[in-house]
């Protein structure tokens, strides 16, 4: 399986932020999408909302793994069950666990894999991933489908950001000092990939939640 990963790291200018362009070959991406269809058949996409305003996010999401991230009027948190079906989350596909072991060899196994579906008009404002109980492990992000314009800042809100155009098969790792870097997605480029059945992008983020 490891020969299906092309891990050629490109540092992004801050310690712990690394891009692996085209890390996943086309066949691997297709197999992974098939795995995700099975996950979503058990844990369907739902619409998270902002706790303070109750406004829905423009992405739809689901999770796999022992824990899943949810957002509703009660707050941001990880929980072991789907907020709509109340069923446990399906397991993380083994292929993603193998990828984690290669790009985060010193970290414990991931406990959550967030599945975010970006339609053509979806965005994600600048934010930190800080709902976990530990920041020792990196966040590992996988892009599938249409390209996206990704913004990466520093650990303080309002600082300078750099823009990166993420393509299907790219893997991004935020660890070390970049683990709490602000980041977001400002634009989706429909028609830049034929991987998915509909225009849009899937973003997977593997995370360790507990120490």
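Values in this text are rule-based calculations from the coordinates and carry no lab data. Bear in mind that the values here come from a model prediction, so they are computed numbers and not experimental data. Glycine also receives a Cβ, built like all others from the backbone with ideal geometry; neighbour counts cover every protein chain displayed.
The alpha-carbon positions of the range 105-211 define a convex hull whose volume is 97 Å³ per residue. Here the simple spin-label model places points 7 Å from the Cα toward Cβ, and for residue 25 and residue 106 these points are separated by 3.1 nm.
Rounded to the nearest 500, the 222 nm mean residue ellipticity of the chain from helices alone is -4000 deg cm²/dmol, with -39,500 (n - 2.57) taken per DSSP H run of at least 4 residues.
Remark: the residue 128-residue 72 segment gains 18.4 nm on full extension, using 0.36 nm per residue and subtracting the alpha carbon distance. The residue 121 and residue 40 beta-carbon pair, evaluated with R₀ = 25 Å, returns a calculated FRET efficiency of approximately 0.75.
So how far, in whole Å, is the C-alpha centre of the range 193-207 from the one of the range 136-175? The two parts, judged by their Cα centres, are 14 Å apart.
With just the Cα atoms defining each centre, how far is the range 6-82 from the range 87-135? Give it in Å. Here the two parts' Cα centres lie 5 Å apart. Taking the inverse of the mean reciprocal distance over all distinct Cα pairs, the Kirkwood hydrodynamic radius of the range 34-155 comes to 15.5 Å. Working from Cα pairs under 8 Å separated by at least six residues, relative contact order for the range 60-211 is 29 percent. Each Cα pair under 8 Å and six or more residues apart adds its sequence gap; the mean of these over the residue count of the range 96-167 is a relative contact order of 24 percent. In this label model, residue 15 and residue 57 are separated by 2.9 nm, measuring between points 7 Å along each Cα→Cβ vector. Taking max minus min of the alpha-carbon positions on each principal axis, the range 2-207 gives extents of 40, 39, 36 Å, largest first.
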